[in-house]
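K.L.:
Here you go, one structure.
Coordinate-derived values only; no laboratory data. In this text, all values refer to a predicted model and were calculated from it rather than measured experimentally. No Cβ is skipped: glycine too gets one built from the backbone with ideal geometry, and neighbour counts run over all protein chains shown.
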Amino acid sequence: MQPVLYYVHDPMCSWCWAFEGARSELLRQLPSELPVRRLLGGLAADTDEPMPEAMMNYVKANWRAIEARVPGVRFNDDFWTSCRPRRSTWPACRAVIAAREQGAKYDESMTRAIQQAYYRQARNPSENATLTELAAEIGLDSQRFSQIMAAPSTQETLLGEIHTTRQLNMRSFPGLALQTASGLHPVPVDYGAAAPMVDKILKQLETERQS
C-alpha cells in the first residue's frame, strides 16, 4: 500500500497553533511523493453555553505554557474580555470542511485564518458570523461557504473524520502517524524542531522499502 502521513488537528487547539512552525518545516522536508492526509479531531462539541471559569483558566494556563515552551508563539489575551468564550470548536471544524469544498488549498488557508483570528486578533471562531467573515477574507464565496457549513452533510463529514481519528487511536492534538503496509506508526510531535520527526518518518519508509 501507498504510505500516508496522517495529521490530526483542530483549528481551535492552542497546541496545534504552537505546532505550526515545526509542522510547516516538516512538510518542506518530507518526500513530495508522501501524501499527507489532514483529519479534524473535533476537540469540543457544539454548545451555546459560556465557557466555565475553570475551563477558561485551563485554556489560559495552556497559552502561558506554550509561550514559555515554544519561541515566537504568542496569544492575545484581549479575546477573554472582548469575546464571549464558548467551549465549542465544531463550528470551526465545519468551516474548514466548507472551505475545502471550494478547493483543497483552502483547508490550510481557513485553518490558518481561524488560528490568527482566535489567537492574535481576539475574534471568536465559535461564532458562525466570524467564520463567514474569515471565508470572505481568504477569497471564498462567502454565501456558498455559509450554505455548505450549515449542510447536514458537512456535520456528517466532521463526525466521520472524528471517527477515523479514534479508529487510528489518535486522541490528542496535534497528532502525527505514518500508515504503511506494516501498520500505523505514531510520530512524536516536536514543537521545536522538524528534524526528529523527519528522521522518524524517513527511517520507517526505508524499513518498508527493504522489507
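K.L.:
Using Cα-only point scatterers and the Debye equation, what is log10 of I(q)/I(0) for the range 88-199 at each q in 0.09 Å⁻¹, rounded to two decimals?
P.N.:
Once normalised to I(0) and log-transformed, intensities are -0.29.
K.L.:
Sort 119-126, 30-37 for me by packing, meaning the mean count of neighbouring Cβ atoms within 10 Å per residue, highest on top.
P.N.:
119-126, 30-37
K.L.:
Could you order the peptides 52-60, 167-175, 95-103 from most to least packed, using the average number of other C-beta atoms within 10 Å per residue?
P.N.:
The peptides rank, most packed first, as 95-103, 167-175, 52-60.
K.L.:
For every helix of n ≥ 4 consecutive DSSP H residues, a contribution of -39,500 (n - 2.57) applies; sum these over the chain, divide by its total residues, and give [θ] at 222 nm rounded to the nearest 500 deg cm²/dmol.
P.N.:
Rounded to the nearest 500, the figure is -17000 deg cm²/dmol.
K.L.:
Give me the aspartates and glutamates in straight-line cross-link reach of Lys60: C-alpha distance below 16 Å, same-chain residues under 8 apart excluded.
P.N.:
Lys60 reaches Asp77, Asp78.
K.L.:
Out of all Cα-Cα pairs in the range 1-109, roughly what percent, to the nearest whole number, are more than 22 Å apart?
P.N.:
Summing the P(r) of the range 1-109 above 22 Å gives 43 percent of all pairs.
K.L.:
Output the Cα-based Rg and Dmax of the range 4-210 in Å, rounding Rg to one decimal and Dmax to a whole number.
P.N.:
Rg, Dmax (Cα atoms, Å): 17.2, 57.
K.L.:
Just tell me which aspartates and glutamates come within less than 12 Å, Cα to Cα, of Lys200; anything on the same chain fewer than 8 places away is out.
P.N.:
Asp190
K.L.:
What is the mean projected area of the alpha carbon convex hull for the range 74-138, to one decimal in square nanometres?
P.N.:
Over every viewing direction, the Cα hull of the range 74-138 projects on average to 4.1 nm².
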